[in-house]
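**Q** Here you go, one structure.
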Amino acid sequence: MKNYIKKHLPAFLTLLAPAVLSGDVIFEQDFSSSNVVADYIGTGTNQFNELVAVSPDTLNIVDGKLVLDRTSAVFNQGLDIMNARNFTPTSILSMSYSLNVTTDNFTHNASYLYIGANDLPFGSHAANRITQAEFIGQGDTYTFAGGTVTTDVAHIFSIYENKSTIDGLTYTGPDGGSYTLDGDNYAIWVDQTVIVDNQLNTQTTSELTEVSAFAFAFDKPDNAIFTFDNFVVRNDLDIAAVPEPSFYGSVAGLLALAVCGLVRRRKLAA
């Protein structure tokens with residue numbers, strides 16, 4: 001039995017492992033190494049340049065996630081900011097992260113995700129923005145880049161950016177399908193639903209050819225808690241597809257066959 005398991009275990013582990021993404025990871029953070037926000041701020045690998053919450057807002061690490069509490073926000077108190085910049089510039093980029101917006105009445109209309117050059121969203125402001133997408137509160141839902149998203153549920157957001165001049169680049173979407181992205185275009189997904197499909201960048205910096213930063217900026221009251229996790233930025237357009245339930249059924253079937261084979265071998269040996 002021991003030899004049988006040793007022989008076949010690698011194959012089963014390969015089936016169970018998530019798909020391996022191609023390309024280099026240029027930023028990655030899951031907030032699991034420390035419970036102190038300051039430990040994630042700096043100029044080192046996978047650190048944010050800025051993680052700022054202006055009082056009375058708070059920013060904490062809770063259960064391995066970054067939690068921005070804006071339920072006490074007041075008008076014009078200042079700008080809460082999450083900024084990661086100076087990662088290896090690339091013209092082809094994929095970015096994903098988890099976000100759960102918890103609220104009884106999400107009323108905000110001035111929170112943005114920015115992707116572009118350094119010094120986002122400060123510095124030259126719009127001059128460094130390539131792509132921007134706004135969170136707009138609507139009670140128990142909100143829109144992001146025009147797509148409706150439910151609150152009180154963690155969603156996976158995936159952004160694909162093609163700042164090259166090459167049309168027809170393909171990428172694997174979160175649903176496992178193959179999709180096209182033309183030059184200077186981008187796509188945004190929420191979970192397995194595309195909400196922006198191969199859309200042309202219209203920001204003032206569309207002439208920029210490389211991406212080296214992203215930022216979240218929060219302004220005005222919104223009565224919401226933003227819980228972030230699992231940031232991954234790559235210098236390509238690939239992302240691992242989420243396995244369908246049928247995948248796990250197939251694995252279970254293979255395990256059952258393995259058990260049957262093991263029982264048969266033992267009977268023959270007897």
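The values are calculated or read from the model by the stated rules, or taken from the named source; none is laboratory data. Treat the numbers as computed from the prediction; the structure is a model and nothing was measured. Glycine gets a Cβ as well: all are built from the backbone with ideal geometry, and neighbour counts include every protein chain shown.
**Q** Considering the stretch 181-211 alone, what residues qualify as being at pLDDT below 90 and assigned to a strand (DSSP E or B)?
**A** The one that is at pLDDT below 90 and assigned to a strand (DSSP E or B): Val211.
**Q** Being within 13 Å of the chain's Cα centre (by Cα) and within 28 Å of Leu79 (Cα to Cα) is true for just one of Val232, Val153. Which residue is that?
**A** Result: Val232 is the single residue among Val232, Val153 that is within 13 Å of the chain's Cα centre (by Cα) and within 28 Å of Leu79 (Cα to Cα).
**Q** Within the stretch 25-45, track down each residue that is polar (S, T, N, Q) and at pLDDT below 95.
**A** Selection gives Thr43, Thr45.
**Q** Quick check: is even one residue across the stretch 115-129 of a type in the set (Lys, Arg), surrounded by fewer than 22 Cβ atoms within 10 Å (Cβ to Cβ) and modelled with pLDDT under 90?
**A** Going residue by residue through the stretch 115-129, those that are of a type in the set (Lys, Arg) are 129.
Restricting the remaining residues to those that are surrounded by fewer than 22 Cβ atoms within 10 Å (Cβ to Cβ) gives none.
Checked against the condition, which is being of a type in the set (Lys, Arg), surrounded by fewer than 22 Cβ atoms within 10 Å (Cβ to Cβ) and modelled with pLDDT under 90, the stretch 115-129 yields no hits at all.
**Q** Go through the stretch 21-74 and tell me which strands (runs of 3 or more DSSP E), entirely inside it, have 3 or more residues that are buried (at least 18 other Cβ atoms within 10 Å of the Cβ) and in contact with a Leu (Cβ under 9 Å, 6 or more places away or on another chain).
**A** 65-69
**Q** If you go through the stretch 66-77 one residue at a time, do you hit one that is within 16 Å of the chain's Cα centre (by Cα) and at pLDDT 95 or above?
**A** yes
**Q** Hey, can you tell me all the residues within the stretch 148-171 that are surrounded by fewer than 19 Cβ atoms within 10 Å (Cβ to Cβ) and of a type in the set (Ser, Thr, Tyr)?
**A** Those that are surrounded by fewer than 19 Cβ atoms within 10 Å (Cβ to Cβ) and of a type in the set (Ser, Thr, Tyr): Thr148, Thr150, Ser164, Thr165, Thr170.
**Q** Moving on. Could you say whether any residue in the stretch 130-141 is over 17 Å from Leu99 (Cα atoms), crowded, with 18+ Cβ neighbours inside 10 Å, of a type outside the set (Asp, Glu) and assigned by TED's automatic domain parsing to the domain that holds Asp219?
**A** yes
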